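Working notes for the structure below.
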Amino acid sequence: MAAWRWLAIVLAAACAVASFNAAAQTPPQTPAPSAAGSPAQRSSFANPAEYDSYMAALNTKDPARRAQAMEVFIAWYPGSVLRLDAHEQAISAWQAANQPAKADVLVARLLQVDPDNVRALANRAYVGRLKASGGDTAALAAAVAASQRGLAVMSRWQKPALLDDAGFAQLKEQMAGIFNGVLGFAALQAQDYDKARDYYRIAVAADPANLQDVYQYSVVQLEGSPVDALGFWYGARAIAIARAAKNDSAAQDIDRYLRSRYSVYRGSEEGWDAIVTRVANESTPPANFRKSIPRNMTPPERALEILEDNEPAKLTPPQWVLVLRHRDVSPANKRAAEAVWKAIGDRQQGGQRLKLPFKVVTATAERIEGAITDEAQARNLVELDVVMMRPLSPLPAVGSKIFMFGTLSEYRTQPFLFRLTRAELAPESLPVAGGPCADPRPKMCSKDYRPACGLLRDGTRKTYGNACTACSDPQVVSQGAGACP
């Protein structure tokens, strides 16, 4: 019943500060308030017996008897200014007595009187999570609703008069930890790992020794995409917490799961035992923890790593392909793809055209298909569909590597394909001067001036504007770079 004891401590800490300076001796699991109230406070009641009855209940040492006494007080004085405090004290006492069902009954009554009571909402949220963890899936909806309401009303929660600012801030952090832990658990059940990470981050910050939250925070980091290696630190921390609590069975189960995920992440178990040993003496993850674990990355993970170290505007075309190809793998990959596609669009503002290098896979006068990445070039896979601005002649040889200017207008992810429109050969990829002219002869050439010397069939020579125009003359047999001597 460790979970119940922990919740009793949290709520009792809140309940101990009543609207009046009431005091009691509490059982070991609940913080003990100060000495009994002063006569002046007692005299502030029109009926001093009401105050005496509350104090008698509060000073009852046995938690079950204290809860019963608080319920009697509520029945005798339903209009008392202390009725909300009495409800909260009764709830805490029933929890301390390991009577969660009776505490839940009081929670329901308190929420009827005060629907925005943060401590009652925290109890309902926590109890619902415990039930859901035990297999009662229907209990999770009520826990989520209570958590959402609790977080929504937290900003309106008034500080108890006798609680200082630091204490109230700590109490609010504890309550927020309960609510966020429940919402993180619900997101985990729905396999919404991104959302779960955000909730568990807050929950774990509120209670770094909470085994359930620390372990589940580890899980959502390692099951989500991309995998966050920080999950291994929190997993190792969960093992340390379980061992410190003498819960060897839980520690072994956690280690078994973490070890398997680590082996997949890195490719072997090398280094895992050292991490577990080191983390046992750490309170927070080292700044370089993620980078300290070598890993075998999947292509989608490599796509994300590219953007960790580079700005989207500085990526190369092969890197564009890697990032955009995996757009639909995860929300993170989608965000990365959107950033890269925007950077490509920004480079084409005002009608500017991009210059792309690629290997020719197929070629016609109107259309060329090409491969951009090394893998695609090795396997002659088409990644680029080039639509020419005007018919191209002579055609680039299949297998040659060329540069083209054009506009990237769209892409698809699977199988990946860029579409380059308004395309023209870059100057460095115009037909190379030097060598025999091949049939069929070019019917159209650019006006780029790169003089070439053509050798005619009759043995004479003539200077042409470039190699293309030289070979477009049927009398030219071959051509060479530069003007004729």
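Summarising the amide proton neighbourhood of D207: residues at separation of 5 or more, or on other chains, whose placed amide H is nearer than 5 Å comprise an empty set.
Scaled against the 2.2 N^0.38 Å expected of a compact globular protein of N residues, the Cα radius of gyration of the stretch 318-369 reads 1.41. For the stretch 176-239, the normalised intensity computed at q = 0.17, 0.18, 0.28 Å⁻¹ comes to -0.44, -0.50, -1.19 (log10 of I(q)/I(0), Debye sum over alpha carbons, equal scatterers, no solvent). Per-residue Karplus couplings for the stretch 365-372, computed as 6.51 cos²θ - 1.76 cosθ + 1.60 with θ equal to phi - 60°, are listed in order as 5, 9, 8, 10, 10, x, 10, 9 Hz, Gly and Pro entered as x.
When every Cα-Cα distance of the stretch 226-265 is counted in 10 angstrom steps from zero, the calculated P(r) takes the values 32, 52, 15, 1 percent. Here the accessible area of the chain is 53 percent carbon and sulfur, with a 1.4 angstrom probe and all protein chains present.
Note on the stretch 368-422: Kirkwood radius taken over Cα pairs, Stokes-Einstein applied at 10 °C and 1.306 mPa s, translational D equal to 134 µm² s⁻¹.
For the chain, the direction-averaged projected area of the alpha-carbon convex hull comes to 32.4 nm².
Probing with 1.4 Å while keeping every protein chain in the model, the per residue accessible area of the chain equals 49 Å².
Over the chain, dividing the summed -39,500 (n - 2.57) contributions of all DSSP H runs of at least 4 residues by the number of residues returns a 222 nm mean residue ellipticity of -16000 deg cm²/dmol. Taking all C-alpha pairs of the stretch 333-485, those more than 23 Å from each other amount to 44 percent. Convex hull volume of the Cα atoms of the stretch 169-287, normalised per residue: 106 Å³. Note on the stretch 116-168: Kirkwood radius taken over Cα pairs, Stokes-Einstein applied at 4 °C and 1.567 mPa s, translational D equal to 109 µm² s⁻¹.
For the listed peptides 128-138, 366-376, a ranking on the average number of other beta carbons within 10 Å per residue, highest first, reads 366-376, 128-138.
The values are calculated or read from the model by the stated rules, or taken from the named source; none is laboratory data. What you are looking at is a predicted structure, and each value in this text was computed from that prediction instead of being measured. Counting neighbours? That spans all protein chains shown, and the Cβs are built from the backbone with ideal geometry, glycine included. Just the protein is used for accessible areas: all its heavy atoms, side chains included, with ligands, DNA and RNA removed. Shrake-Rupley method; radii C 1.70, N 1.55, O 1.52, S 1.80 Å.
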